[in-house]
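Down below is the structure, laid out as structure tokens.
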Amino acid sequence: MTPPPVAGSVISTVNLVKIYSNGGVPVPAVRGVDLRVEAGEFVAIMGPSGSGKSTLVHMLGGLDSRTSGEIWLDGRRADTLGESAWALLRRRKIGFVFQFFNLVATMTVADNVELPALLAGASAREARERRERLLAELGLTGRADASPAQLAGGEQQRVALARALANRPSLLLADEPTGNLDSRNTRDVLRLIGEVHRGGQTVVLVTHDARVAGMADRVISLLDGQVVDDGTVGAARRRPRGTAGDVVELRG
Ligand SMILES: Nc1ncnc2c1ncn2[C@@H]1O[C@H](COP(=O)(O)OP(=O)(O)OP(=O)(O)O)[C@@H](O)[C@H]1O
Ligand SMILES: [Mg+2]
């Protein structure tokens, strides 16, 4: 087996390409992305609508297949995995927040959040405790017994984040986790993501919001499926913890 392109990186892609087909017409969505994310990094992905952000993070989570190129996760080749191997990998390591929530409609909020932990082998008590803590942090304690359809869009989005974090994933992939939220809920979500990041988990977050991106260590800009800017060059975005711009400022 060829060695990983960058041993030690949590995510590494090599010339990653996704071409959809729309009634036989090829639609290039991701066009040769070489991406590297190190352990514990918080990376924001920005770019206009249609630039390929969702497609890229879906491929990184094994939710969409690549057309060509390579994906390496934790130094292991991942793009060649089958669906069940991907499912196992996600269960063990990856939390995913979808742009459009994808909650299980027939389950309560509490069950939606507990499910990933139970699937990964947590005890019922552990799963319940984690669920209670996450819902409390996101201001959703009173909604535990509701079904997703009874919730506002912003509430569903916060439930989706709680679900993604229920397994304490080493990698959080979040597609517009604050896209539908008012400023107070945005603050709750960012505070929680900031805690996740400070706890050493790796975060890759798609956003249109420059303020959200300002929390990241690095901002990658996509345009027409290609990386056109990588924020490690130019203005240094990494700030000492607790200074202006860090999540601490967003509290309260
Ligand atoms: N299932 C699909 N079939 C065909 N084309 C698709 C499909 N999904 C996405 N595309 C196309 O791929 C391109 C990239 O879409 P993608 O959803 O990744 O963009 P995005 O950056 O996430 O946009 P947004 O900011 O609106 O969420 C677009 O041209 C889109 O129309
Ligand atoms: Mg998208």
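Structural remarks
- Per the Cα gyration tensor, region 46-169 maps to an equivalent ellipsoid with semi-axes of 27, 18, 11 Å, ordered largest to smallest.
- Max mean-square fluctuation residue, GNM over the chain, Cα-Cα springs under 10 Å, options Leu118, Leu63, Leu81: Leu81
- The angle between the Cα long axis of helix 153-165 and the main principal axis of the chain comes to about 80°, on a 0 to 90 degree scale.
- Rg and Dmax [Cα atoms of the chain; Å; Rg one decimal, Dmax integer]: 17.8, 52
- Value in Å of the Kirkwood radius, where region 1-76 supplies the Cα pairs that are averaged: 13.1
- Given charges at beta-carbon only (K, R positive; D, E negative), |dipole| of region 167-234 in Debye: 380
- The C-alpha atoms of the chain define a longest principal axis, and helix 124-137 lies at about 90 degrees to it.
- Order by protection proxy (mean Cβ within 10 Å, highest first), peptides 107-117, 174-184: 107-117, 174-184
- Within the shell defined by Cβ-Cβ distances under 15 Å, the residues around Arg66 carry a net charge of -2, with Lys and Arg each +1 and Asp and Glu each -1.
Here, each number is a calculation from the coordinates, and none is a lab measurement. These numbers were taken from a predicted model, which means no experiment stands behind them. Quick reminder, even Gly has a Cβ in these numbers, built from the backbone with ideal geometry, and neighbours come from all protein chains shown.
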